[in-house]
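To start, I am sharing the structure in question, which I have written as structure tokens.
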Amino acid sequence: DCGIMFLPSKLFAIFAFATCGGYSGGLRLSVDCVNKTESNLSIDIAFAYPFRLQQVTFEVPTCEGKERQKLALIGDSSSSAEFFVTVAVFAFLYSLAATVVYIFFQNKYRENNRGPLIDFIVTVVFSFLWLVGSSAWAKGLSDVKVATDPKEVLLLVSACKQPSNKCMAVHSPVMSSLNTSVLEYTRLIREKYADLVGCKKKYLV
């Protein structure tokens with residue numbers, strides 16, 4: 001049955017999208033000044049969904065006395081990330097409703113093939129939204145990776161432009177869960193295409 005066939009992929013997609021909405025990460029920098037008392041060897045910068053990075057501020061030593069330089073990360077990927085997660089929420093709600101219909105209203109669902117046809121149309125819509133949202137989020141994720149790369153962030157620090165000061169990236173953000181959200185989309189869309197072709201042959205030809 002096409003409706004039942006569509007359901008697992010819809011539910012599985014939730015896990016891929018959830019890796020984006022529940023993400024939080026951070027990086028750590030080290031600024032070692034000539035005057036060691038001015039150094040800060042553990043500068044932690046935390047960020048999270050929805051990735052409004054321009055609002056993430058942090059302070060670093062200037063290596064010129066006690067003065068501090070206040071900086072912010074660069075970029076805003078909130079629109080693509082929020083759209084990506086919004087599609088997931090609606091997909092989840094639809095999956096819940098579809099599960100109830102599949103289990104408790106099988107006769108109505110199969111009546112005149114209307115249920116599978118409606119499910120087919122809704123799935124086409126979700127597939128399109130997934131395509132748009134995931135493509136945008138893939139670009140947004142690429143921007144997030146660049147903006148939170150410790151080596152890129154160190155370029156913003158004025159003290160690091162002086163050869164006498166030593167600046168290092170202590171650790172980078174762990175992006176594996178965000179990578180999963182994009183990779184699972186690719187796998188999902190291949191499955192979805194196969195499902196749509198099969199159902200079109202069964203119900204629309």
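The values are calculated or read from the model by the stated rules, or taken from the named source; none is laboratory data. Every value quoted in this text rests on a predicted model; they were computed, and no experiment measured them. All Cβ positions, glycine included, derive from the backbone under ideal geometry; neighbour counts span all protein chains shown. Only protein heavy atoms, including side chains, enter the accessible area calculation; ligands, DNA and RNA are left aside. Shrake-Rupley method; radii C 1.70, N 1.55, O 1.52, S 1.80 Å.
Test Phe51 against the stated conditions and say whether it is buried (at least 19 other Cβ atoms within 10 Å of the Cβ), among the aromatic types (Phe, Trp, Tyr), modelled with pLDDT of 95 or more and part of a loop (DSSP other than H, G, I, E, B).
yes
Also, I was wondering about something else. Evaluate the following for Asp119: is it acidic (Asp, Glu) and either assigned to a helix (DSSP H, G or I) or in contact (Cβ under 8 Å) with a residue 60 or more places away in the chain (or both)?
Against the criterion (acidic (Asp, Glu) and either assigned to a helix (DSSP H, G or I) or in contact (Cβ under 8 Å) with a residue 60 or more places away in the chain (or both)), Asp119 qualifies.
Starting from the stretch 169-195, keep only residues that are open to solvent by less than 20 Å² (accessible area, probe 1.4 Å), then list their pairs with residues that are at pLDDT 60 or above and of a type in the set (Gly, Ala, Ser) whose Cβ atoms are within a distance under 7 Å, requiring at least 6 positions of separation or different chains.
From the stretch 169-195, the pairs are Ser181/Ala16; Leu188/Ala13; Leu188/Ala16; Lys192/Ser127.
Looking only at the stretch 21-61, filter to residues that are of a type in the set (D, E, K, R) and in contact with a strand residue (DSSP E or B) (Cβ under 9 Å, 6 or more places away or on another chain); which one of those is nearest to Cys160 (Cα to Cα)?
Filtering the stretch 21-61 for residues that are of a type in the set (D, E, K, R) and in contact with a strand residue (DSSP E or B) (Cβ under 9 Å, 6 or more places away or on another chain), the one nearest to Cys160 (Cα to Cα) comes out as Asp32.
Go through (1) of a type in the set (Gly, Ala, Ser); (2) part of a helix (DSSP H, G or I); (3) modelled with pLDDT of 85 or more; (4) surrounded by 14 or more Cβ atoms within 10 Å (Cβ to Cβ) and name the single condition Ser142 misses.
The failed condition is (4).
For the stretch 54-75, give me each residue that is in a loop (DSSP other than H, G, I, E, B) and open to solvent by 80 Å² or more (accessible area, probe 1.4 Å).
Glu64, Lys66, Glu67, Ile74
Next up: When only residues in the stretch 25-81 that are under 18 Å from the mean Cα position of the chain (by Cα) and among the β-branched types (Val, Ile, Thr) count, which is nearest to Leu154 (Cα to Cα)?
The extreme case among them is Ile74.
Still on this structure, I have one more. Have a look at Val124, Val132 and point out the one that is assigned to a helix (DSSP H, G or I), open to solvent by 40 Å² or more (accessible area, probe 1.4 Å) and in contact with a Leu (Cβ under 7 Å, 6 or more places away or on another chain).
Val124
Then there's this: With the structure loaded, tell me whether Leu29 is surrounded by 18 or more Cβ atoms within 10 Å (Cβ to Cβ) and assigned to a strand (DSSP E or B) or whether it fails that test.
Judged against the criteria, Leu29 is a match.
Also: Given the condition in contact with a helix residue (DSSP H, G or I) (Cβ under 8 Å, 6 or more places away or on another chain), open to solvent by 80 Å² or more (accessible area, probe 1.4 Å) and in contact (Cβ under 8 Å) with a residue 60 or more places away in the chain, answer yes or no: does some residue in the stretch 94-105 qualify?
no
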